[in-house]
Amino acid sequence: MICRREFITLLGGAAIAWPSAAHAQTATVPVVGFLDPRSPDAISERLRGFRQGLKETGYIEGENVAIVYRFAENQNDRLPEMAADLVRRQVAVIATAGEQVAVVAKAATTTVPIVFIASQDPVKLGFVVSLSRPGGNMTGVNFFATELVTKRLEFLRALVPTVTRIAVLVNASNPASRESTVGEAQGAASAMGLQIQVHNAQSRQDIDAVFAALVRERADALLVASDTLFSGRRVQLVNLATRHGIPTAFPNREHTEIGGLMSYGSNIVDAWRQAGIHAGRIIKGSRPADLPVVQASKFELVINHQTARMLGLTVPTSLLALADEVIE
């Protein structure tokens, strides 16, 4: 039993592991490698969901399982070496979040099991042969994001009925997400008689520049794509949207809880819990090839009523009735 936990910073502060991990490996305690492009603070709630999933399969961190964390701190060029390090450590399973990270992990090993959390179709991405029979060393959770773009646009238009031009923020370095998001947004906007302006961002500085452009172009509203960069930079995004008075729709509730106007998407913490369950099943002996990809089934509309009032918006009663949560 490990009684005391203590963080050790490795690889220039980008990797974190419990000091018990090395001892745990020698004591045959299974080790989970966790690879993520963000910082631990940016995904703390999600990590709790992942640990809950492990717990539901009988594994408690620090007792009968160890987790070696590798956080790239938004420096994605470090991910390949971090993935290679986890492979060298012969971890029982590598858990990842985001399509770009899963691609890196896939390139690092064809033998170590990988559990991904992806917003895009994992079959189209080449991660698995099929959702029911993955067929390789990868399986995980598909939590849907771009498939919900149309609904986000509908909700955003209901909140801002005078909207005619909507900006869409995507990450150019994530082509799968960018293409599907833009394609879905353009199709939905055309059907609703709206104009779409696509803006790319790959860094904190890019996000600042995008908002400066939105102010110059007088965009009526903004739709933010699902991407690990944007979830990691959610404080910056919400602050800029608030400062410039731009009604913004986000892909998950983490943004709305800190002041974003609205979000509609899968319950991301539950998706991470499902990933933890998959990781636990693999530790118990299940093969990734035989573990079906879990598709998210919980979707939630969250509206920040206080932000709406600050923006001078009246939330329709019909939308309030649809909301899973209204933040006052």
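The values are calculated or read from the model by the stated rules, or taken from the named source; none is laboratory data. Every value quoted in this text rests on a predicted model; they were computed, and no experiment measured them. Quick reminder, even Gly has a Cβ in these numbers, built from the backbone with ideal geometry, and neighbours come from all protein chains shown.
Within the range 137-172, restricting attention to residues that are under 21 Å from the mean Cα position of the chain (by Cα) and charged (D, E, K, R), which residue is nearest to ALA92 (Cα to Cα)? Within the range 137-172, the match that is nearest to ALA92 (Cα to Cα) is GLU147.
The residue pairs whose first member lies in the range 141-153 and is under 14 Å from VAL269 (Cα atoms), whose second member is at pLDDT below 90 and hydrophobic (A, V, I, L, M, F, W, C), and whose beta carbons are closer than 6 Å, counting only pairs six or more residues apart or on different chains, are PHE143/ALA296; PHE144/ALA296. The residues on offer are GLN90, GLN75, GLN100, and the sole one that is at pLDDT 95 or above and surrounded by fewer than 24 Cβ atoms within 10 Å (Cβ to Cβ) is GLN90. Of all residues in the range 161-179, those being among the aliphatic types (A, V, I, L, M) and surrounded by 21 or more Cβ atoms within 10 Å (Cβ to Cβ) number 5. Taking strands (runs of 3 or more DSSP E) as the structural unit, those lying wholly within the range 63-181 and holding at least 2 residues that are touching a Gly at 6+ places or on another chain (Cβ under 8 Å) correspond to 66-71, 93-96, 114-118. Of the residues making up the range 233-257, those that are touching a Phe, Trp or Tyr at 6+ places or on another chain (Cβ under 7 Å) and among the aliphatic types (A, V, I, L, M) number 3.
The rows are residues; the columns are (1) assigned to a helix (DSSP H, G or I); (2) hydroxyl-bearing (Ser, Thr, Tyr); (3) in contact with a Ser or Thr (Cβ under 6 Å, 6 or more places away or on another chain); (4) assigned by TED's automatic domain parsing to the domain that holds ILE117.
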{"site": "ALA213", "(1), (2), (3), (4)": "yes, no, no, no"}
{"site": "LEU223", "(1), (2), (3), (4)": "no, no, no, no"}
{"site": "LEU240", "(1), (2), (3), (4)": "yes, no, no, no"}
{"site": "PRO292", "(1), (2), (3), (4)": "no, no, yes, yes"}
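Evaluating PRO134 against the criteria (1) surrounded by 20 or more Cβ atoms within 10 Å (Cβ to Cβ); (2) under 18 Å from the mean Cα position of the chain (by Cα); (3) of a type outside the set (Asp, Glu) leaves one unmet condition, (2).
Consider the range 180-203 and keep the residues that are within 21 Å of GLY245 (Cβ to Cβ) and not aliphatic (A, V, I, L, M). The one that is surrounded by the fewest Cβ atoms within 10 Å (Cβ to Cβ) is GLN195. ASP220 fulfils the conditions (1) surrounded by fewer than 15 Cβ atoms within 10 Å (Cβ to Cβ); (2) in contact with a Pro (Cβ under 8 Å, 6 or more places away or on another chain); (3) of a type in the set (D, E, K, R) except for a single criterion, (1). Just a yes or no: is a residue in the range 315-322 assigned by TED's automatic domain parsing to the domain that holds GLN195, without any contact (Cβ under 8 Å) to a residue 12 or more places away in the chain and either of a type outside the set (Phe, Trp, Tyr) or over 25 Å from GLY33 (Cα atoms) (or both)? Looking through the range 315-322, at least one residue is assigned by TED's automatic domain parsing to the domain that holds GLN195, without any contact (Cβ under 8 Å) to a residue 12 or more places away in the chain and either of a type outside the set (Phe, Trp, Tyr) or over 25 Å from GLY33 (Cα atoms) (or both).
Looking across SER263, SER297, one residue alone is in a strand (DSSP E or B) and small (Gly, Ala, Ser). It is SER263. Residue count for the range 234-253 under the criterion of being of a type in the set (Val, Ile, Thr) and touching a Gly at 6+ places or on another chain (Cβ under 7 Å): the result is 3. The one condition from (1) modelled with pLDDT under 95; (2) over 29 Å from GLN52 (Cβ atoms); (3) not polar (S, T, N, Q) that GLY245 does not meet is (1).
Candidates are the residues of the range 35-70 that are surrounded by 15 or more Cβ atoms within 10 Å (Cβ to Cβ) and charged (D, E, K, R); the one that is farthest from ASP270 (Cα to Cα) is ARG70.
When the range 147-160 is limited to residues that are touching a helix residue (DSSP H, G or I) at 6+ places or on another chain (Cβ under 8 Å) and within 20 Å of ILE117 (Cα to Cα), the one that is surrounded by the most Cβ atoms within 10 Å (Cβ to Cβ) turns out to be VAL149.
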